[in-house]
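J.: After the C-alpha cells below, expect a handful of questions from me.
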Amino acid sequence: MPTLSPDIIQVLSIFTMAVTVPTFTKMLVLFQGAILTSGRRTITAALRAMGLSDEPAFSKYHQVFNRAKWSPWVLSKLLLALLIKTWVPPGVALVLLIDDTLERRRGQKIKYKGWFRDPIRSTVKHVSTSLGLRWLCVALAVRVPWSRRAWALPFILVPTLAPKVSQKWGKPHRSLVAWAEYLVVKIRRWQPDRPLILVGDGAFAAMALLQRCQRKHLRVTLVARMRFDAVLHQPPGPQPKSKPGPKPKKGVRLPNPQAYLDDPTTVWTEQEVAWYGGQRQRVEIATGQCLWYRRGLDPAPIRWVLVRCLEETFDPIPLLCADPAVAAPQIVEWFVLRWNIEVTFEEIRAQLGFETQRHWSDKAIERTVPALFGLFSLVTLIAMKLHPDQLPVQSTAWYHKQEATFSDALAAVRRHLWGLDEYCNSADQPEMLLIPAPIWARLVQVALYPT
C-alpha cells in the first residue's frame, strides 16, 4: 500500500483535532486512493487504487462520509489556516475569490437537486439549464513558484438550494448573496485580524453584500463587476440650518457607467496592470468616487472603475469597490484574479472527477463534494512541499508547456505516493530489470497522467 512521507503526515496531522483517530486513519486511505485513481472518484475506486479490493469491511470507508461525526466547517477552518501559513506572510491581505459552480446530478434519492443555469452550456443569446446541485465556493488566491498566474485554492464549499426545493422540503430559502454574506461573517471570525479582499463576478454586486462588508466589525473590501446601468449619486451636501426635516442620504444623481463610457469628455488614464495568465496589459481606466443607490436601501460609498482595452480586444468592464480609497489599478488587478477560480473548477472536473461521485444520502453529498475541492488544495500544498522551487512538467513533441499546471502537481504527488523515485533499474543490478525500460517509462507515464 502506498505510504505518505513523515513530512506529509505532519502536514495532514492538523486535521486530527477535528476527527477521531479511526476516522482519520480511514480518511488517509481515501485521501491517497482519490489521488491515485482516475475517472470516477467513488469509495470503491479509491479502495481499488489502494489495493483493498478484497477488504471485507469496505462499508466502514463509506461511513466516513455518511455516518462519521465530523464537521466540514471545522476542516475548512483548519485548511484555510494551513494555506495561509504556507503562502501568505503575516499582515498581508487575504484575497478571497467567490463563485458558484454546478454539479450535474440526477437521481430520485438526491432530494436537494434543482434546475439551475448551466454556465458551460449557456451562451449570451441562449440560457441553458441543467438538473443538479449548485455549490458556492470560496478560494484563496496564492502565488505558486512554478506558475506565472495565481492559483485559486478552495477551502470552503456550501450547497445553495433553488427556491422551489427549499419550499418543497420546508427549509428557509437563502439566496446566493445571502450565503455569501454568511460565509463572509464566518471567515472574518476565523481570521479576525487579517485584511480581507472578496472578489466576485456580477452576481455578487449586491447592495446587501456590499453593506455587510462595509460594517465596522467586518472590514471586508468587496470587488465585483457592476451593471452599466447602476444608479450613482454624489454625496449629500451640507443642509441649511433653516431647512427642517431629515438630512438627505444622497446628493445629485451622476451618470451611470454606460454614460461615462459614451461621454467623449470622460477622463481616461493609461495604466499597465497585471492581466490574465500572468501577463501585463496596458489598459485605459476611468474612475471616481460616489454613492451607489438601490431603491429601498441606504446608499453606500464605492469607487467605480471603467476598464477598456487600447486594442479593443475585449469589451469594457465596469467594476465597483467597497473601499473608495483603493487605487483603480489595484481594483482591476484584484478582479483579474477572479478568473483563476474558473480554472480551478475546470481542473477539478478534469483531474479529480468532480460530478462522478455516486453518493445519494444527504450527509454524504454535503461532505463528498467539499472533500474533492479540498483535495485540490491539499494536492497543491503537498506538491509545494515536495517541489518548493521547480515542479516537473510534462512535455510532448506537440505541446511544449511553459509552466506547470495542476495535472503536473497531481502527477508529482502520485509519483511520491507510488514511491517511484525509490525504484532502481540501473545496469549494475540486473535483477531489477524485470520490465524493459521503454515499457516501464510508458507505464509510469500512464500512472502519473491517466487523463
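Bear in mind that the values in this text are calculations on the coordinates, not laboratory data. These numbers were taken from a predicted model, which means no experiment stands behind them. No Cβ is skipped: glycine too gets one built from the backbone with ideal geometry, and neighbour counts run over all protein chains shown.
J.: Relative to the present Cα-Cα distance, how much length would full extension add between GLU312 and ILE120 at 0.36 nm per residue of separation?
T.: 66.6 nm
J.: Which of these values of Rg and Dmax of the Cα atoms in Å was calculated from the structure shown: [x] 21.3, 71; [y] 23.9, 84; [z] 25.0, 101?
T.: It is the value labelled [z].
J.: From the cross-link list LYS69/LYS171; LYS164/LYS363; LYS77/LYS247, which pairs have alpha carbons spaced over 32 Å apart?
T.: Over 32 Å Cα-Cα: LYS77/LYS247.
J.: Would you mind working out the magnitude of the charge dipole of the chain relative to its Cα centre, with +1 at each Lys and Arg C-beta and -1 at each Asp and Glu C-beta, to the nearest 20 Debye?
T.: The calculation lands at about 2540 debye.
J.: Which whole-number value in Å³ per residue fits the convex hull of the alpha carbons of the stretch 97-211?
T.: So the per-residue hull volume is 157 Å³.
J.: On a full-extension model of 0.36 nm per residue, what is the gain between ALA93 and TYR399, subtracting their alpha-carbon distance, rounded to one decimal in nm?
T.: 106.5 nm
J.: On to the next question. LYS249: which aspartates and glutamates have alpha carbons under 17 Å from its alpha carbon, excluding same-chain residues fewer than 8 sequence positions away?
T.: ASP298
J.: Enumerate by residue number the trypsin sites (Lys or Arg not before Pro) in the stretch 188-240 meeting two conditions: DSSP loop (anything except H, G, I, E, B), and at most 10 other Cβ atoms within 10 Å of the site's Cβ.
T.: Those satisfying the criteria are LYS216.
J.: In whole angstrom, note down how far apart the Cα centers of the stretch 1-56 and the stretch 92-161 are.
T.: Cα centroid to Cα centroid, the span is 25 Å.
J.: Quickly estimate the mean residue ellipticity at 222 nm for the chain, helices only: each DSSP H run with n ≥ 4 gives -39500 (n - 2.57), and the total goes over all residues, rounded to 500.
T.: -11000 deg cm²/dmol
J.: So which aspartates and glutamates pass the test for LYS26, namely a Cα distance under 12 Å, with those fewer than 8 places away in the same chain ruled out?
T.: Those aspartates and glutamates meeting the cut-off do not exist here.
J.: Ok, one more. Tell me which of SER59, LEU209, THR313 sits at the most positive position along the dipole axis of the chain, charges placed on C-beta atoms (Lys, Arg +1; Asp, Glu -1).
T.: In the chain, that residue is LEU209.
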